[in-house]
Every structure is written in structure tokens, then in C-alpha cells.
Amino acid sequence: MMSAANDTTFQSTVFLLTGIPGHEDIHPWISIPFCFIYVISIVGNSVILFIIKTDSSLHEPMYIFLSILAITDLGISLATMPTILGIFLFNAREITIDTCFAQLFFIHFLAKIESSVLLLMAFDRFIAICNPLRYTSILTLPRIAKMLLVFVLRGLAVIFPLPFLLKRFRYCRTGVLSHSYCIHQDVMKMACSDIRVNNIYGLFTTLITLGLDSLLIFISYVMILKTVLSIASHTESLRALNTCVSHLCAVLLFYIPDIGLAVIHRFGNSSSHLPQSLLGYVYLLVPPLINPIVYSVKSKNLRARIVRAFVK
């Protein structure tokens, strides 16, 4: 009876989120740049969506993919920034287990969708450069819709089990997470049970989504580079590569922090939370901030429409 009582006493019902370890005294000041990032991310992606939706000349595959990327970035910002700002502004570190599970579902699901969109954008560049005469016949709107539906269903299929795999655990440890939001690889460490199944499933979902997508993106760019190098004109080669710059920036901004965060969580020193905390902010906050800026600068058509809209 005493053992059962003790188990109940130490059964955790909330987790404690972490801001920037060791800098709690300046959290209110740190909130200022985070508020700026939040506003710019929301406004930038919303402007991209508005311009693409209202301008029929931008209803092309590349801009459709860009609009889906903007929706995904908006979702990631809305899913993470409220808890981050709550910690920095009000020291609101507590999050209930059910809320935490819901947040990690949306974070991981949207991350898988973003990876899928980046793959589709690589496919768009591959067709545009390697097979330009068939571009419009290959990337039709019905085909684009089907590809997007397949990737959304893939994301749901691999992420939907995560909250249920975590729900079966008892959380009787301190419950202090490494980030200002909930992610699977962080939450499962709080369990006082065997987490091998979660470890294996987490690795499996990463390999068949982010791993497969990044491999196909790499293969696409190998084929693009092969085609570009076969072009006799140096000017035409540079022009073709220039159309890929914004997409390459988006790919690097997404995959490099994601890989780094995965490595730190699996092999890093658990006693040092600062590196993984900072990398976690880069992973989820920088792409929604930078993607609209990069695409607005590099896309002449989009930039012209944005300038025209604000001038009006």
C-alpha cells in the first residue's frame, strides 16, 4: 500500500519547460528579439500567402509550393512561440502532459510536411532545368494536389502514434524539459519506463521522412548539376543555378539544425542543456523568419508584386 501511494505521489502531471539555461535573470530582455522574430515570421509568411492568392499570374507550381511552405512555417510559429514567450515574459514554465503531447504532435507533423514541401520544390527545380519542355505537362494542378495529399497522409500516419506511445508511460521524474516547447525525443526521457520502443519508432519515422526526403533532394541536385554542367553557355548555366539558390537556402536552414538537434539529443552530454536549447530555437524559429525574406529577395516576380501591393 505504501509503495502504491508513493507511486501516485510522484506521478508527474505537468512538465517544466526551459528558457535559456543560466540566463533566467535576463529572460524579459531576451523576449524582445523573440517578439520581433514572431511578428516578422507571421507578417512575412502572411504577406507571401496573400500575394500568391490574390495574383493569378503566380498560380504556378513553384509559387503553390511556396504558399504551402508559408502555411507550414506559420503553423510552426503559432505552435511554439506562445509557450516560448510565456516563459520569457511571465515565467510560465508549467505545461500539462496532454497539452505537451498536442504541441509535440503539431510540431513534428508540420516539420514532416515542411520536409515534404522542400522535396516537392526540389522536384520542381529538377523538372524546370532538366526537362523544361514538359514542365507544364508534368506539374499539373491535379498532380500537385495528389502529391501534397500523399505527403500529408504520410505525415499523419507516422506522427499520429507518437502521443499514444508517450501516453502509456508513467512520468515520475523531475519533468524538466530541455526546450521551451515539447518534442518527442525530449519528452520520452522523462519517463520512468523502458523507452526502447519509442527510440526505435522515432528513428524509423525520421529515416522514412526526413532521411528519405533529404536523400531525394540530394539526388535531384546531382541531376540538376549534371544538366547545368552540360550547358555550353556559362551565362545560361549561372542563370539556371540562380533559380535554385532560394530553395537551397531553405533546405540548409531546415536540415542542418534538425540533424544537429537529433545528434545532440542522442549522443550529447545530457548535463549541458544550453547547446541543445539554442539549437532548438534555431531549428524551429529561423526558417519561418528567413524563408519569406529569401524568397522575396530572390524571386523577381514575387518581389515586384509585393512592392506593387504596398505602393498601392
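With 217, 224 as the choices, which residue is β-branched (Val, Ile, Thr), closer than 18 Å to residue 130 by Cβ, at pLDDT 85 or above and in contact with a Phe, Trp or Tyr (Cβ under 7 Å, 6 or more places away or on another chain)? The conditions single out 224.
So if I check each of 148, 162, 238, which one is within 30 Å of residue 88 (Cα to Cα), assigned to a helix (DSSP H, G or I) and not charged (D, E, K, R)?
Result: 162 is the single residue among 148, 162, 238 that is within 30 Å of residue 88 (Cα to Cα), assigned to a helix (DSSP H, G or I) and not charged (D, E, K, R).
Of the candidates 205, 243, 235, the single residue that is under 21 Å from the mean Cα position of the chain (by Cα) and among the hydroxyl-bearing types (Ser, Thr, Tyr) is 205. Being under 23 Å from residue 182 (Cβ atoms), acidic (Asp, Glu) and in contact (Cβ under 8 Å) with a residue 24 or more places away in the chain is not true of residue 55.
Here's the yes/no breakdown for (1) in a helix (DSSP H, G or I); (2) touching a residue at least 12 places away in the same chain (Cβ under 8 Å); (3) touching a Leu at 6+ places or on another chain (Cβ under 8 Å):
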| site | (1), (2), (3) |
| --- | --- |
| 36 | yes, no, no |
| 43 | yes, no, no |
| 69 | yes, yes, yes |
| 77 | yes, yes, yes |
| 88 | yes, yes, no |
| 119 | yes, yes, yes |
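For region 68-103, what are the residues that are farther than 13 Å from residue 18 by Cα, small (Gly, Ala, Ser) and surrounded by fewer than 20 Cβ atoms within 10 Å (Cβ to Cβ)? Within region 68-103, 75, 102 meet the criteria. So, residue 62, is that one in contact with an Asp or Glu (Cβ under 6 Å, 6 or more places away or on another chain) and touching a residue at least 40 places away in the same chain (Cβ under 8 Å) or not? Yes.
Criterion first (touching a Lys or Arg at 6+ places or on another chain (Cβ under 9 Å) and closer than 30 Å to residue 240 by Cβ) does residue 216 satisfy it? First the steps, then the outcome.
Numbers: touching a Lys or Arg at 6+ places or on another chain (Cβ under 9 Å): no; closer than 30 Å to residue 240 by Cβ: yes.
It is false that residue 216 is touching a Lys or Arg at 6+ places or on another chain (Cβ under 9 Å) and closer than 30 Å to residue 240 by Cβ.
Of everything listed in (1) in a helix (DSSP H, G or I); (2) over 18 Å from the mean Cα position of the chain (by Cα), the single unmet condition for residue 217 is (2).
The values are calculated or read from the model by the stated rules, or taken from the named source; none is laboratory data. A quick note: this is a predicted structure, and the numbers were derived from the prediction, not measured. Cβ atoms come from the backbone with ideal geometry, glycine included; neighbour counts cover every protein chain shown.
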